[in-house]
Amino acid sequence: MARTITYQQAIGEALAQEMERDKTVVMMGEDVAGGAGAPGEDDAWGGVLGVTKGLHGKFGDRVMDTPITESAFIGAAVGAATSGLRPVVELMFIDFMGVCFDQIFNQAAKFRYMFGGNAETPVVIRTMYGAGFRAAAQHSQCLYPVFTHIPGLKVVTPSTPYDAKGLLIQSIRDNDPVVFCEHKALYTLEGDVPEEAYAIPFGEANITREGDDVTIVTLGRMLQVAHEAADALSKDGINCEVVDLRTTSPMDTDTIIESVENTGRLVVMDESHPRCSIATDVSAIVAQEAFGALKAPIQMVTAPHTPVPFAENLEDLYIPDATNVQDAVRKVMGND
Amino acid sequence: MSESIRAICMPKWGLSMKEGTVAGWLMDEGDEISSGDEVMDVDTEKISSAVEVSESGILRRQIASEGDTLSVGDLLGVLADEDTSDADIDTFVAEFQANYVPPADDEEDGSTATETVDVDGRTIRYLLRGEDGVPIILVHGFGGDLNNWLFNHEALAANRAVYALDLPGHGASSKDVGEGGVAALAAVVNGFMAALNISKAHLVGHSLGGAVSLSVALNNADKVASLTLIGSAGLGTEIDGDYLQGFIGAERRKDLKPHVEKLFSDPALVTRQLINDLLAFKRIDGVQAALETIMAAFAPGGNQALVMRDRIGDIAVPVMAIWGSGDRIVPASHGEGLPGNVRTKIIAGQGHMVQMEAASDVNQLIDELIG
């Protein structure tokens with residue numbers, strides 16, 4: 001039965017239910033249990049923001065704290081995944097992923113291919129992304145486009161508590177490496193989530209609002225901003241259809257194209273940088289597959305091509321907001 | 001003030017409805033309205049339908065306008081007699097609006113409105129509306145849940161207690177369906193009645209739930225006060241096996257939608273939210289297996305395994321069969337040629353979900369049968 005919980009609780013619940021269901025699911029990462037030497041559950045913080053709190057008390061050694069050596073513990077998780085376990089490894093901030101690119105890009109993503117389809121690597125890398133946390137340039141990036149670029153990785157960006165639980169369960173049950181991206185500003189978002197376990201298939205975008213005038217394709221935290229803009233625009237008689245990608249690899253291009261064929265206008269909204277991003281990717285796909293349906297040039301709403309600023313006023317300016325979306329929508333409607 | 005003034009309010013269709021948007025009036029000010037008339041189209045997040053009035057009078061005032069979004073219970077219009085003065089109506093409207101309080105969020109939370117009961121080790125969710133009298137029990141069909149009765153439940157509960165339950169494997173009930181056939185599900189309905197100390201009830205079953213209700217009526221005659229079968233299984237071998245298989249197999253929105261559209265005469269009723277809700281149900285661990293088990297026992301190979309047609313004449317209590325003439329899941333012909341004790345009503349132009357699409361007709365027929 002559904003009840004209201006937070007995005008953070010939904011993630012914790014998915015982990016607990018899958019660890020309960022499948023003994024091969026293990027967790028590792030920095031402070032996921034409670035920090036080295038923590039005396040027990042009471043003292044266990046459960047990750048930097050407490051997402052995994054309580055799991056060490058419940059599952060003991062299946063929840064392992066690691067040293068601050070991302071390359072080592074991501075490598076260990078990838079190795080464990082090839083030899084019978086289903087590790088869920090937490091890499092605190094997506095910004096730190098750079099130190100273990102070899103383990104992710106060149107090992108985990110390639111094993112199935114290099115071993116003629118005989119190897120499976122069912123590892124989930126959970127990681128936090130996104131700006132708005134006053135965490136500055138090295139802890140605030142939206143790097144999921146980098147992983148989306150690599151064949152052999154699946155990339156998940158849930159936008160609601162319901163999706164977070166169902167997509168994480170699917171990630172754990174999936175036999176390929178999954179990069180599961182959690183926006184840190186969404187952890188407190190509340191929503192209806194069934195108590196039972198459920199899996200949402202990858203590659204199915206969610207049409208979260210129907211409309212005939214403009215398609216807004218978005219993901220992650222930007223879904224809420226897109227809805228805020230769509231609500232405001234509806235008062236002026238502009239009906240936006242909002243498509244939440246849910247997963248950027250695989251990407252549900254059919255739903256995007258069908259929507260654009262219906263509306264004839266596209267605004268892509270993404271919190272990541274504008275170059276080689278989800279925004280450019282979606283724009284290119286639509287330009288290639290649905291050019292004939294377009295009544296106006298595609299508009300992209302993204303962060304600027306700069307590091308995330310630390311100054312609060314600049315960071316607020318950096319993150320795309322509802323006004324940016326409204327401006328873009330009015331532009332494609334031809335009445336800016 | 002004249003006693004004849006009555007409010008037409010935003011109805012509440014289903015557990016989660018909080019507000020509705022006026023899609024348009026179907027009656028003009030000054031029109032004479034009879035009980036059961038549809039006066040307005042309303043869109044909600046989940047479904048679009050028409051507002052029916054349960055009283056008669058003249059539509060004296062349209063308060064809500066097209067495009068307005070109003071909370072459940074808010075004032076849509078005013079019915080009154082011809083001789084009621086405009087001033088009295090103005091006073092009525094002012095008082096209504098001054099006293100109207102939109103329902104609080106927690107009252108609207110579906111999960112607090114429903115209850116659960118343990119039936120032989122299974123958790124069965126149900127929703128109770130109304131009180132007193134011999135209760136009605138509403139039994140949904142394959143892949144459905146208690147929300148299938150959202151246009152019937154409240155209306156039928158005006159004079160009596162009405163329970164709607166989730167069968168095992170469905171809604172928020174346990175996913176263990178046992179052997180999964182009609183008899184196994186009928187045993188759960190029996191157990192449900194025992195657990196809630198319901199000694200006798202009017203059974204209303206839709207589709208698979210009709211066969212389940214029929215089975216209860218045949219095998220536990222003393223517990224059943226009347227039987228209403230809607231687009232019911234159990235009266236012939238034919239059923240759309242492709243629908244059952246397609247519903248079970250569909251994992252994605254676009255795969256599921258064409259199957260669900262077969263249920264309705266108006267495919268526009270199959271909203272995004274309806275499909276999302278069905279997918280959310282189907283994705284829960286255990287549901288897939290439950291549906292497959294039910295299908296294997298209930299309709300192996302796409303034909304109904306249990307036909308109780310030749311025994312329906314034995315039922316001593318009132319029996320009614322209601323069908324939409326265009327039912328694409330269970331053919332309406334199964335409602336024809338039944339023994340004389342069965343009242344058959346075939347509603348022209350309707351589909352399998354006739355209790356939703358022609359709710360006021362179905363509610364009226366049930367009220368007439370039950371008396």
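For the options A:74, A:150, A:256, a Gaussian network treatment of chain A with springs between C-alpha atoms closer than 10 Å singles out A:150 as fluctuating the most.
Look at the stretch B:270-281: the mean tally of other chain Cβ atoms within 10 Å of its residues' Cβ atoms is 2.
Cross-link pairs exceeding 29 Å between alpha carbons, from the set A:154/A:184; A:58/A:184; A:154/B:18; A:184/B:12: A:154/B:18; A:184/B:12. Helix A:161-173 and the long axis of chain A differ in direction by around 50°, with both axes built from C-alpha atoms.
With respect to chain A, whose longest principal axis is taken over its alpha-carbon atoms, helix A:7-21 is tilted by about 40°. Extending 7 Å from the Cα toward the beta-carbon at both residue A:49 and residue B:296 defines two label points whose distance is 4.4 nm. Only DSSP H runs of four or more residues enter the estimate; each adds -39500 (n - 2.57), and after division by the residues of chain B the mean residue ellipticity at 222 nm equals -8500 deg cm²/dmol. For residue B:179 and residue B:317, a Förster radius of 35 Å and the Cβ-Cβ distance give a FRET efficiency of 0.80, rounded to the nearest 0.05. Quick one: grab the alpha carbon gyration tensor of region B:6-107, order the square roots of its eigenvalues as a ≥ b ≥ c, and give me rounded if a/c is under 1.5, else prolate or oblate depending on whether a/b is larger than b/c. Oblate shape, in that a/c is at least 1.5 and b/c is the bigger or equal ratio.
Coupling constants for region B:167-180 follow from the phi torsions by the Karplus curve (6.51 cos²θ - 1.76 cosθ + 1.60, θ = phi - 60°), and in residue order they are 4, x, x, 10, x, 10, 7, 4, 8, 7, 9, x, 6, x Hz; glycine and proline get x. Rounded to the nearest 0.05, the FRET efficiency derived from the C-beta distance between residue B:118 and residue B:307 at R0 = 45 Å is 0.90. With both residues required to sit in the protein assembly as shown, DSSP beta bridges show an antiparallel share near 45%. A simple spin-label model places the labels of residue A:22 and residue A:68 3.2 nm from each other, with each point 7 Å out along Cα-to-Cβ.
Taking other Cβ atoms within 10 Å as a rough exposure proxy, B:153, A:305 sort from fewest to most as A:305, B:153.
For region A:194-245 versus region A:85-160, the spacing of their alpha-carbon centroids is 25 Å. When the GluC sites (Glu not before Pro) in region B:202-284 are filtered for DSSP coil states and for at most 16 other beta-carbon atoms within 10 Å of their beta-carbon, the remaining sites are B:251.
Once both labels are positioned 7 Å from their Cα atoms along Cα-to-Cβ, the gap between residue A:138 and residue A:331 label points is 3.4 nm. Taking a point 7 Å from the Cα of residue A:106 along the Cα-to-Cβ direction, the residues of region A:118-160 with backbone N closer than 19 Å to it are A:146-153. When only Cα pairs below 8 angstrom with a gap of at least 6 residues are kept, chain A shows a relative contact order of 16 percent. By definition, a body whose alpha carbon gyration tensor gives a ≥ b ≥ c is rounded when a/c is under 1.5, and region A:2-194 falls into this rounded group. On the basis of the beta-carbon distance and an R0 of 41 Å, residue A:275 and residue B:96 show a calculated FRET efficiency of 0.10. Summary of the geometry: region B:1-56 and region B:183-205, compared by the centres of their Cα atoms, lie 34 Å apart. Sparse packing (at most 12 other Cβ atoms within 10 Å of the Cβ) combined with a DSSP loop state is found for the following chymotrypsin sites (Phe, Trp or Tyr not before Pro) in region A:115-191: A:115. Partner shielding of A:195-201 amounts to 5, given as the average count of beta-carbon atoms from other chains within 10 Å of each residue beta-carbon. Taking every DSSP beta bridge that has both ends in chain A, the antiparallel portion is near 25%. Considering Cα pairs under 8 angstrom that are at least six residues apart, work out the relative contact order of region A:206-333 and quote it in whole percent. Here the relative contact order equals 28 percent.
Against the main long axis of the alpha-carbon atoms of chain A, helix A:322-333 sits at an angle near 40°.
Please tell me the relative contact order of region B:114-370 in percent, rounded to the nearest whole number, where contacts are Cα pairs under 8 Å and at least six residues apart. This gives 20 percent for region B:114-370.
Taken together, the values in this text are just the output of simple stated rules run on the coordinates, not laboratory data. For clarity, every value in this text was computed on a predicted model and none was experimentally measured. For neighbour counting, all protein chains shown are included, and Cβ atoms are generated from backbone atoms with ideal geometry for every residue, glycine included.
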